[in-house]
Amino acid sequence: MLPRGEPPMSFEEQRDRMVEEQLKARGLRDVRVLAAFRKVPRHLFVPSEFHHEAYADHPLPIGAGQTISQPYMVALMTSRLRLQGHERVLEIGTGSGYQTAILAELALDVISIERIPELLATVKQRLADLGYLNVQLLAGNGSLGSPNHAPFDAIIVTAAAPDVPEPLLEQLAEGGRMVLPIGSHEAQTLVEVTKRQGAITRTPITGCVFVPLLGDYGWPGP
Ligand code: SAM
């Protein structure tokens, strides 16, 4: 609740506060990532009844039983990709398209795959309205990746898998990075996977809870 007489914060002010209190205060320092979070209007990626909570420190429902992740989790995963601006990025789990827009701010181009067609239709219009031209949205089972667009300098999976999907490892470029949650349905570990001279290294980052990655190389689904 705002104190009586205090004007409501603009969405821009709410974004600045989110960056200060949720991202910088937890140690995120990449200036390009922080600038992207100050710029992308997160409230346009959630249903209108949640506009007032769009910049709060938690995930929100986006319909079809899916969620937009907590801002800090989106920022943490994005930071671990260490994007410089020249990369081709693959995202699995488009959801609301918010993470997609953040990636589009930071990389050369983004391929994003979503298995629920109605989510994808909304995101397509949303990203077009916001002027993101370096994004390609694909419908389908993202655990198979997109061999036609591979190799990818960076891969981000925003749904939880039982293990690193083998096709995604194959489609990761030499020197590339992947970030994804791995574990059970109830709880996972966020993991950074790198490929150097063909050798794969996994580094655990933190505990997390994501909706499941469904389909081949994920969990059995409808
Ligand atoms: N990155 C999203 C955002 O910013 O709103 C949040 C994604 S939500 C936590 C996870 C998404 O993964 C859901 O939209 C779900 O439908 C999708 N998903 C689950 N399994 C998938 C699969 N095999 N291929 C593609 N998308 C999948």
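A short reminder: the numbers here are calculations on the coordinates, not readings from a lab. Quick caveat: nothing in here was measured; it's all calculated off a predicted structure. Cβ placement follows ideal geometry from the backbone for every residue including glycine, while neighbour counts extend to all protein chains displayed.
Observations
- Whole-number D in µm² s⁻¹ for the chain, Kirkwood Cα-pair radius fed into Stokes-Einstein, 25 °C, 0.890 mPa s: 139 µm²/s
- Whole-angstrom gap from the stretch 145-222 to the stretch 87-131, using each part's C-alpha centre: 17 Å
- 222 nm mean residue ellipticity, helices alone, for the chain (DSSP H n ≥ 4; -39,500 (n - 2.57); rounded to 500): -7000 deg cm²/dmol
- Take every Cα pair under 8 Å whose residues are at least 6 apart in sequence, average their separation, divide by the length of the chain, and the relative contact order is 14 percent.
- The residues packed around Ile68, meaning those with a beta-carbon under 11 Å from its beta-carbon, carry a net charge of 0 if Lys and Arg are +1 and Asp and Glu are -1.
- Beta-bridge orientation, the stretch 123-222: approximately 70 percent antiparallel, per DSSP, counting only bridges with both partners inside.
- Choice from Ile116, Ile68, Ile92 with maximal GNM fluctuation in the chain (Cα, 10 Å cutoff): Ile116
- Proximal lysines to Lys24, defined as alpha-carbon separation beneath 24 angstrom and excluding residues fewer than eight positions away on the same chain: Lys39
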